[in-house]
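Reviewing the structure listed below.
The values are calculated or read from the model by the stated rules, or taken from the named source; none is laboratory data. Not measured: the values here are computed from a predicted model. With ideal geometry, Cβ positions are generated from the backbone for all residues, glycine too; neighbour counts draw on all protein chains shown. When the accessible area is computed, the model is the full protein with side chains, heavy atoms only, and any ligands, DNA or RNA have been set aside. Shrake-Rupley method; radii C 1.70, N 1.55, O 1.52, S 1.80 Å.
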Amino acid sequence: MTIVSHRYAQMKHRFFAVLSIAMLSLFCPYSSMAESSLTDAQLLQIKYDQKPGSQVSSDLIFRDESGKPVRFGDYLGRRPIVLIPGYYRCPMLCSLVTQGVIDSLRDLRWTAGEQFDVIFVGIDPREGPALAAARKKQCLRIYGRDGTENGWHFLVCAASAARNSNPPPGDVAIQTLADEIGFRFAYDASLKQLAHPAGFVVLTPNGKVAHYFFGVTFSAKELDEALRHANASKTDSPVRDFILLCCEYSPLRGKYG
């Protein structure tokens, strides 16, 4: 298969994945959908507030996929970072965002663990290392480059709360990181889900916000440029806002929940 046809196949796969979710939402019986507890005004606040040049704190404490306590600073000072916030039990766009990142990374000459790192940070304190370990295994299999496991990091709250906590308790490290990168999210009590924007952030080796990517598909060329700029400690200008919420859509109400 040629490179062009391979990329076309990837794009077609992503298109039909998004289309499938839209069709599932369209035909899902309304009686099975809970009313969102978030108002339209609250939903409008769930987005990335772009903060190029913002510094991520190095002393934030998490646990990695093995359960070991780690500081965010443990990953700084070496290579640029692809930072993906989300949660592991997300029923909608988180998997599509991660898949979109991997699709783009597979087209790069640079390799995770050599020229850059990938960090997925779980924003739900009720999730533990087992979920993070499973997601890492899945991502490494899809990425398909041997010997790159040290370049992929999957973090959870340092002190995971009870899984049935409703709503999930706040966590200082998660909220601080979210504030520093401008990642706005909220808990929907009716749907028992976290609503958040779709996308990720590129950080410089020292942990400054360098570039934002929004949506579920990403240009490999743009990602390559962003990583190279970040590696040179350059921060880019804000990009155009793209609002795509990780949530459910009710066609009968004409609203997201």
Would you please name the residue that is surrounded by the most Cβ atoms within 10 Å (Cβ to Cβ), looking only at residues in region 81-92 that are touching a Gly at 6+ places or on another chain (Cβ under 8 Å) and modelled with pLDDT under 95?
-> GLY86
Does ARG63 meet the test of being touching an Asp or Glu at 6+ places or on another chain (Cβ under 8 Å) and among the charged types (D, E, K, R)?
-> no
Just wondering, is there one or more residues in region 196-214 that are of a type in the set (A, V, I, L, M), open to solvent by less than 40 Å² (accessible area, probe 1.4 Å), at pLDDT below 95 and touching an Asp or Glu at 6+ places or on another chain (Cβ under 8 Å)?
-> no
Pick from ASP103, ASP40, ASP64, ASP107: which is surrounded by fewer than 15 Cβ atoms within 10 Å (Cβ to Cβ), among the acidic types (Asp, Glu) and modelled with pLDDT of 75 or more?
-> ASP40
Got a number for residues in region 60-79 being in contact with a helix residue (DSSP H, G or I) (Cβ under 7 Å, 6 or more places away or on another chain) and at positive phi?
-> 1
Take the residues of region 46-87 that are of a type in the set (Phe, Trp, Tyr) and part of a strand (DSSP E or B): which is nearest to ILE181 (Cα to Cα)?
-> TYR48
Among the numbered conditions (1) free of Cβ contacts under 8 Å to residues at least 60 places away in the same chain; (2) under 19 Å from SER54 (Cα atoms), tell me where VAL201 comes up short.
-> (1)
Selection from region 97-122 of residues that are within 29 Å of CYS157 (Cβ to Cβ) and among the aliphatic types (A, V, I, L, M) = VAL97, VAL101, ILE102, LEU105, ALA112, VAL118, ILE119, VAL121
Examine region 135-149 for a residue that is open to solvent by 60 Å² or more (accessible area, probe 1.4 Å), modelled with pLDDT of 95 or more and closer than 18 Å to ARG89 by Cα, and state whether such a residue exists.
-> yes
